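Written below as structure tokens is the structure these notes are about.
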Amino acid sequence: MNTFLAQLQSLLPPDRIYTDPVDCYAYAYDNSQKIYPPDMVAFPLTTDEIQAIVLLCNKHKVPLTPRGRGTGTAGGSIPEQGGIALSLERMLRINVVDPANRVIVTEPGVLNQTVQDTVRPHGFFWPPDPSSAAYSSIGGNLATSAGGPHAVKYGTTRDHVLGVKAVTGKGENIKTGCYTTKGVVGYDLTRLLIGSEGTLAVITEATLKLTPLPESIGGLVAHFRNTSSCAAAIVSIMSLPQIPSALEFLDKGSLNLIRSHSPEILPDDSTAMLMIEVDGSSREVNEASIAILSACQNEGLLQAERVTDTKNLWQIRKALSPLLKDIAPKKINEDVVVPVSTLPEFLSGLTKLSLQHQISNVNFGHAGNGNIHVNLLVDPDNTKEMDRAASCLNEIFDLVISLNGTLSGEHGIGREKRAYVDKEIDPTTMNLMKNIKQVFDPNNILNPGKLFLRDS
């Protein structure tokens, strides 16, 4: 390792290499709360530096874990096998802002919010908006294909990336996609890399497709006396020709969290809630609002109304995950997706499994996509409770698959879900994925151990 370090020091100046364990510790964890300290941290500023580091790691068979701001929840950016944590947080250049072609070209360390602030004066936005948008990086956004609430109308991250530049695990510079919104030359390697969690290549630049800001935005809330009537309303809303720009579900546990901080904003008898946003022209917003309010009408509806302060609405929603830490020392956080039509069955199943295994849970999420954030609240020092939680989680995943769903909508697999991947992906397809990994990263140095139980 001394020889390796000496060679690494020849590639980067001293202020861009951390070797002190105290300094490295900040790069040992992400929001999964698992801790795996790297042996060192490197801070490249250019593609050439990244390529040189990747080639060096190949030469010495040293693990290399790409990292954005560490906001992920699945353990995708933690250096589980030691080696180098490759922090891209100092690659902060926005290389192109091109309103005529509705494009922005950024380096991976640029924050999601910085992109939004940069393009807004030009009348555009970039639709992916995870809860961590204010401090998560574009590189991490792409690595997990994190989407956020507005994916219900605008699509996921994959739909808004035209191309990337990257360094493969083999140390080769590649360019995928193109600068235009149309392009069908060759295989779609861009969509392959988006969501690959840094296991195939290190993204060094991304060409992002922008969307015009809507003329008008409207907000609605609907409260229900039970989860089943709320789930039925979701199905009715998503059957409409009008598409909400966001449709968020909050269960009883979520509402109780909000009540603990702002009791005045919720009806006392509400046990399930929808936060709904519509956008477009003023006419479209009005028509969509009327249609959605009508779709909410069922025997379990308590009240449904328009709201004027949509900003406050989303602040409340985005505060939910941090608030969960107030009521349990640990949460097992999942982001499963089921077809919208099966949400009533899925949410009912969650309730049954929670009672069966005696595990408290709080559920909320992007209901318009069927993307529910399931939070099992546990005490990590209680061995029996952790065993019950593991059994509960396994059955939740079985339920998801039985409903033709998927194990992750936007958090990725990382290390937290890799043991369950074979529930969804058959052996033949899994082997093909592992073969792709071998092509991109023959020495398995790039974020090894993630996505699959064994890289081969």
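The values are calculated or read from the model by the stated rules, or taken from the named source; none is laboratory data. Please read all numbers here as calculations on a predicted model, not as lab measurements. Positions of Cβ are backbone-derived with ideal geometry, glycine not excepted, and every protein chain shown enters the neighbour counts.
Listing for the model above:
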| quantity | calculated |
| --- | --- |
| Residue within the stretch 75-96 that is of a type in the set (G, A, S), over 23 Å from K175 (Cβ atoms) and in contact with a His (Cβ under 9 Å, 6 or more places away or on another chain) present | yes |
| Among (1) modelled with pLDDT of 95 or more; (2) within 28 Å of G412 (Cβ to Cβ) - the single one K34 does not satisfy | (1) |
| Restricting the stretch 101-136 to residues that are within 18 Å of V167 (Cα to Cα) and touching a residue at least 60 places away in the same chain (Cβ under 8 Å), the residue that is nearest to the chain's Cα centre (by Cα) | P108 |
| Residues of the stretch 45-66 satisfying the condition of being within 19 Å of N444 (Cβ to Cβ) and either among the polar types (S, T, N, Q) or free of Cβ contacts under 8 Å to residues at least 60 places away in the same chain (or both) | Q51, I53, L56, N58, K59, H60, T65 |
| Answer residue from the stretch 67-94, given it is in a loop (DSSP other than H, G, I, E, B) and of a type in the set (S, T, N, Q) and is farthest from V105 (Cα to Cα) among those | Q81 |
| K352 being at pLDDT 95 or above and assigned to a helix (DSSP H, G or I) | yes |
| Condition check for A419: of a type in the set (G, A, S) and farther than 30 Å from L86 by Cβ | no |
| Close pairs (6 angstrom Cβ cut-off, 6 or more residues apart or separate chains): without any contact (Cβ under 8 Å) to a residue 24 or more places away in the chain in the stretch 152-181, of a type in the set (K, R) anywhere | K175/K165 |
| Qualifying residue in the stretch 78-86 (condition: surrounded by fewer than 23 Cβ atoms within 10 Å (Cβ to Cβ), touching a residue at least 60 places away in the same chain (Cβ under 8 Å) and acidic (D, E)) | yes |
| Residue in the stretch 369-383 that is under 22 Å from L320 (Cα atoms), assigned to a helix (DSSP H, G or I) and in the same structural domain as C230 (by TED's automatic domain parsing) present | yes |
| Residues located in the stretch 87-111, provided they are under 15 Å from A206 (Cβ atoms), in contact with a helix residue (DSSP H, G or I) (Cβ under 7 Å, 6 or more places away or on another chain) and surrounded by fewer than 24 Cβ atoms within 10 Å (Cβ to Cβ) | I94, V97, G109 |
